[in-house]
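Below is one structure; the comments refer to it alone.
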Amino acid sequence: MDLHLAHLTLVYPDGDATLTAVDDVDLTVPAGTTTAVLGPSGAGKSSLLAVAAGLTPPTSGRVALGDETVLTARTTPAAATRLRLDRIGLVFQSPQLIASLTALEQLELHAHLRRRRPASIRDEALALLDAVGLADQAHRRPAHLSGGQRQRVAIARALVGRPDVLLVDEPTSALDQERGTRVVELITRLAREVGAAAVLVSHDPATLGSVDATVRMTDGRLEPAVARAGAAEPV
Ligand code: ADP
Ligand code: MG
């Protein structure tokens, strides 16, 4: 289902003043495609994802899936949580895995939270671990995985239950350029395979060759120009 952000705005209180972290953002991400949001630190990229994920209510504007408005300033926290569990996969900058659970169990726990049919959970979790190249690491705990492997567990976990939306915040910041490029390729491919509308936040254009579109964020605003990642950077 296509993801639409419409006039999305987030204003934080800032002492006596306010800070507009997300400023009237319009963005459409077609189902099965990945859009990268590039921008410097402080541009509002993480804030944009937090609003799109229902973690922070927008000050104004809306998030829609297809024709259905799913988040506005009036959405209750309970409804936002339900939306996130049912329809949104999230990958944070650090993988946020649970130390005591194996890779497989991280995915299974998520599947239970997402109310998947218990009989199908193990097969889906194993298939996703296989899709991210970790079939042989399924029974390892995070301490016994590399940083890149942990990031891939987090990506697989976000895709449990085939969410309509995949939101990924700086997945490559701890990786070198080659590994970062491969992680972005993995996200782009999986989004296409599960039909998710993916938004990938990055400050590293060199890793973005595989994405479908790139937009640039500065001071809370998205620049209208949409270009292929490689073409977006002046030499
Ligand atoms: P980015 O992810 O692009 O680095 P952020 O979304 O983290 O940007 O931050 C955008 C702006 O919003 C920054 O000026 C930051 O200081 C501010 N900000 C982020 N989170 C909060 C918050 N919870 N309360 C107040 N200001 C915030
Ligand atoms: Mg950020």
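The values are calculated or read from the model by the stated rules, or taken from the named source; none is laboratory data. Computed from a predicted structure; not experimentally measured. Note: ideal-geometry Cβ built from the backbone for every residue, glycine included; neighbour counts use all protein chains shown. Calculation scope for accessible area: heavy atoms of the full protein, side chains included, ligands and nucleic acids excluded. Shrake-Rupley method; radii C 1.70, N 1.55, O 1.52, S 1.80 Å.
Just give me the residues in segment 26-41 being among the hydroxyl-bearing types (Ser, Thr, Tyr) and within 20 Å of Thr207 (Cβ to Cβ), in sequence order. The answer is Thr33, Thr34, Thr35, Ser41. Can you confirm whether Gly161 is open to solvent by less than 50 Å² (accessible area, probe 1.4 Å), within 16 Å of ligand 2 (Cβ to nearest atom) and more than 18 Å from Thr34 (Cα to Cα)? No: the conditions fail for Gly161.
Any idea which of Thr35, Thr75, Thr9, Thr20 is part of a loop (DSSP other than H, G, I, E, B) and either buried (at least 17 other Cβ atoms within 10 Å of the Cβ) or not hydroxyl-bearing (Ser, Thr, Tyr) (or both)?
Thr75
Residue pairs whose Cβ atoms lie under 6 Å apart, sitting 6 or more positions apart in sequence or on different chains, and linking a residue in segment 8-25 that is near ligand 1 (Cβ under 10 Å from one of its atoms) to a partner that is open to solvent by 60 Å² or more (accessible area, probe 1.4 Å) and assigned to a loop (DSSP other than H, G, I, E, B), are Leu10/Thr59; Val11/Thr59.
Evaluating Ser47 against the criteria (1) touching a residue at least 24 places away in the same chain (Cβ under 8 Å); (2) away from ligand 2 (no atom under 16 Å from the Cβ) leaves one unmet condition, (2). One residue stands out among those in segment 43-76 that are within 16 Å of ligand 1 (Cβ to nearest atom) and out of contact with any strand residue (DSSP E or B) (no Cβ under 6 Å at 6 or more places or on another chain): the one that is nearest to Pro171 (Cα to Cα), which is Ala50.
On the stretch given as segment 82-126, residues that are more than 26 Å from His144 (Cα to Cα) and surrounded by fewer than 16 Cβ atoms within 10 Å (Cβ to Cβ) total 8. Pairing residues of segment 147-171 that are within 14 Å of Leu200 (Cβ to Cβ) with residues that are part of a loop (DSSP other than H, G, I, E, B) and more than 16 Å from ligand 2 (Cβ to nearest atom), at Cβ distances under 7 Å and at least 6 apart in sequence or on separate chains, gives Ala154/Leu97; Ile155/Val132; Val165/Ala196; Leu166/Leu159; Leu166/Ala196. Restricting attention to segment 78-95, does a residue exist that is more than 16 Å from ligand 1 (Cβ to nearest atom), in a loop (DSSP other than H, G, I, E, B), touching a helix residue (DSSP H, G or I) at 6+ places or on another chain (Cβ under 9 Å) and of a type outside the set (Ser, Thr, Tyr)? Yes, that holds for at least one residue.
Among the criteria (1) within 16 Å of ligand 2 (Cβ to nearest atom); (2) more than 25 Å from Thr172 (Cβ to Cβ), the one Gly39 does not fulfil is (2).
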